[in-house]
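Below is one structure, written out as structure tokens; the observations come after it.
The values are calculated or read from the model by the stated rules, or taken from the named source; none is laboratory data. What you see is a predicted model; the values in this text were computed from it and never measured. Using ideal geometry, Cβ is built from the backbone for each residue, glycine included, and neighbour counts are taken over all protein chains shown.
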Amino acid sequence: MVYANLLIFIAAIFLVNVFSTGSEPGESLARTIVWTALFFALFNYGARRVFSKSWTRSAGGYFKAEQRLCLAALLVFAAILFSTDAAPYVSRYFGGAQLSAVPGIVLLTIFIGLLSIVWLAGRQSYAAVFGATHKPLRFVAVNMARNLPIILPWLILSLLFDLLRVLPLAPVHAVLDSEWGDMLFFGLFLLFIILLFPPIVLRLWGCTPLPVGPIHDHFRGFFRRLGFNATIYSWPLFEGRVITAAVMGLVPKLRYILLTPAIIQNMNMAELEAVMAHEIGHVKKKHLLLYLVLIIGFALLIGVLAEPLWHFMLAQDLLFHIMAADLLAPETVMSVVGSLPLFALMLIYFRFIFGYFMRNFERQADLYVIRVLGSGRPLVDAFEKIGGAGENRSKHNWHHFGIDERIAMIDRAERDPSLIGRHDRKVLTSLLIYLISLSLLVGMLWQGVPTASLVRDYEEKYIELVFMKQLEVDDEATYFTIMGDLMQGKGIYDRALESYETALEIAPGNEQALNNLAWLLLTGTDPALRDPGRALRLAKTAARDTMQPHIMDTLATAYWANGESDRAITIMRGLIAADPDNSEFYKRQLSRFQIERYSAETRWED
């Protein structure tokens, strides 16, 4: 069912977002295609082996096999992304500066291709269970339409954002780039979901209005008695042979109750009224609106936690040991490891927080039946028929209590009606705790978490363990000099100082280390770091055996910083004559030496 695949699709979208980094391929396109095809072939073989078993010819067996293989498809999808260059090639051929969503959508088609293998492998088992044979492409389309509502909001949001970026609409770009642009865009997207998503789902699922007749007329009267309004649709889920119902739509005129043909055929009118009362309970108790609140809450949570969690993970030593092992591209390692806490947060939120409210909303809707009908017995009878149709009575999943649990709760509430009010208060209290906790957390983190030290830490490690590894420098003094240059360029001055000092311990006469350390002591933006006196001594030593322009420039700057402007001016005039290609820079330096005085606040252009 749709609920069962929700977490799997969330995980797939997470993988897509992680690997849509735009890194360059490290292997040939042909090799990538061959390895991807091999993964598909092996998975196809395994899926067909599973569905060749006789136990998959029952409803329970079919759903169990499909669910396990969908999870296996996710693992194979991850293996393809990790072990091949499928993602980099997709980014190369389908990406662009303004098309961030397209590569992700193309990557997701790989996962959908793996799911198609599952569906096609189970086609014969499906026919045996549900009594309908579909042509292969039609069968894939039916299954895709059944699951598409899970990813449709993500698809629409991603494509719409890209479209607005591509269109030459400066005012729209200005709004999107503003402080409230993302929130406004998300708000409009939610409005779209509220108004248009239910009709789109009806079309995807092939639902049709329930024909006018005794059942339809009876329910219209039932709705009027309960002060409720919705359009009833027939829902051909799994050829209409699954006993289930659903309600969707926040807006009354766009609200629909879905009934499968099997539920109408197998239940009497009292049981159908109980099922309808349960679905109406979801609306009366504002569950559809509360689901939207929970989704917005998750978006807020991700918004305030994404950056600090990302930086925290990137500052861990394990990340850089993995990078140094050259198992994956550094960009991929950073994306994967940096995104892991967000993925964990997503799974925990939907599995436990969202799931907790879903289960208790379902229980609240069950108890609403007792309140409006005076008895829960018709709903218990309906559950008994569902259990008799092959549903595992004791199965407790993340979004619904088991049938036995639901029946037991209804029986308890009939013996003690105060349980209904107590459960309503439990739900209300849980919502208040959730909203207060979320508000406090978002309020504390809204202004941002200080991440400068974490950023600095992982930038240092990234430079040291990845970039320097690629330089393959044999001379240790040169290695530490280059390290100092990189750190100085990143503004990590204490590490730059440490690197230069190490280089000079190894080779005290290293001209580049002497010169660059002198420049750091003259120009570092941290006033406490500056030491013009030592810088002059270092610059003199560096210039003892060379007249290289950049070393002489440092020496001139050191003389000026120590109050010896005449010497600085003399050197600079000589550089202007000796190095005409860089004369403009030297002229600016000469002008500075003539009209300015050096201080700890003196700044240099980049």
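Restricting attention to segment 541-595, which residues are assigned to a helix (DSSP H, G or I) and of a type in the set (Val, Ile, Thr)?
Thr541, Ile551, Thr554, Thr557, Ile569, Thr570, Ile571, Ile576, Ile595
Yes/no matrix, rows are residues, columns are (1) touching a Ser or Thr at 6+ places or on another chain (Cβ under 9 Å); (2) surrounded by fewer than 21 Cβ atoms within 10 Å (Cβ to Cβ):
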residue: Arg495; (1), (2): no, yes
residue: Ile506; (1), (2): no, yes
residue: Thr523; (1), (2): yes, yes
residue: Ala528; (1), (2): no, yes
residue: Asp531; (1), (2): no, yes
residue: Leu536; (1), (2): no, no
residue: Ala539; (1), (2): yes, no
residue: Ala542; (1), (2): yes, no
residue: Asp545; (1), (2): no, yes
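Given the condition crowded, with 16+ Cβ neighbours inside 10 Å and over 28 Å from Leu340 (Cβ atoms), answer yes or no: does some residue in segment 39-49 qualify?
yes
For segment 216-322, which helices (runs of 4 or more DSSP H) that fit wholly inside it have 1 or more residues that are under 30 Å from Leu345 (Cα atoms)?
Correct list: 269-284, 287-314.
Filter segment 225-241 down to the residues that are among the hydrophobic types (A, V, I, L, M, F, W, C) and over 33 Å from the mean Cα position of the chain (by Cα), then identify the one that is surrounded by the most Cβ atoms within 10 Å (Cβ to Cβ).
Among those residues, the one meeting the criterion is Ala230.
Every residue in segment 249-280 that is in contact with a Lys or Arg (Cβ under 8 Å, 6 or more places away or on another chain) and either on the phi > 0 side of the Ramachandran plot or aliphatic (A, V, I, L, M) (or both), please.
Gly249, Ala262, Met267
Looking for whichever is of a type in the set (Lys, Arg), farther than 29 Å from Lys135 by Cα and in contact (Cβ under 8 Å) with a residue 24 or more places away in the chain here; the options are Arg92, Arg48. Which one fits?
That would be Arg92, the only listed residue that is of a type in the set (Lys, Arg), farther than 29 Å from Lys135 by Cα and in contact (Cβ under 8 Å) with a residue 24 or more places away in the chain.
For a quick check of your reading of the model, give me the residue pairs whose first member lies in segment 62-88 and is in contact (Cβ under 8 Å) with a residue 12 or more places away in the chain, whose second is assigned to a helix (DSSP H, G or I) and charged (D, E, K, R), with beta-carbon atoms closer than 9 Å and at least 6 apart or on different chains.
Final answer for the pair search is Thr84/Arg31; Asp85/Arg31.
Between a residue in segment 205-219 that is among the β-branched types (Val, Ile, Thr) and any residue that is in a strand (DSSP E or B), which pairs come within a Cβ distance under 6 Å, given they are 6 or more apart or on different chains?
Thr208/Ser234
Do we find that Phe14 is modelled with pLDDT under 95 and in contact with a Phe, Trp or Tyr (Cβ under 7 Å, 6 or more places away or on another chain) in this structure?
Answer is yes for this residue.
Filter segment 165-221 down to the residues that are modelled with pLDDT under 75, surrounded by 14 or more Cβ atoms within 10 Å (Cβ to Cβ) and farther than 28 Å from Leu289 by Cα and list them by number.
Those that are modelled with pLDDT under 75, surrounded by 14 or more Cβ atoms within 10 Å (Cβ to Cβ) and farther than 28 Å from Leu289 by Cα: Arg165, Val172, His173.
Give the residue that is modelled with the lowest pLDDT, with candidates limited to residues of segment 355-392 that are surrounded by 17 or more Cβ atoms within 10 Å (Cβ to Cβ) and part of a loop (DSSP other than H, G, I, E, B).
Filtering segment 355-392 for residues that are surrounded by 17 or more Cβ atoms within 10 Å (Cβ to Cβ) and part of a loop (DSSP other than H, G, I, E, B), the one modelled with the lowest pLDDT comes out as Glu391.
Would you say Pro149 is in the same structural domain as Ile8 (by TED's automatic domain parsing) and over 30 Å from Val166 (Cβ atoms)?
no
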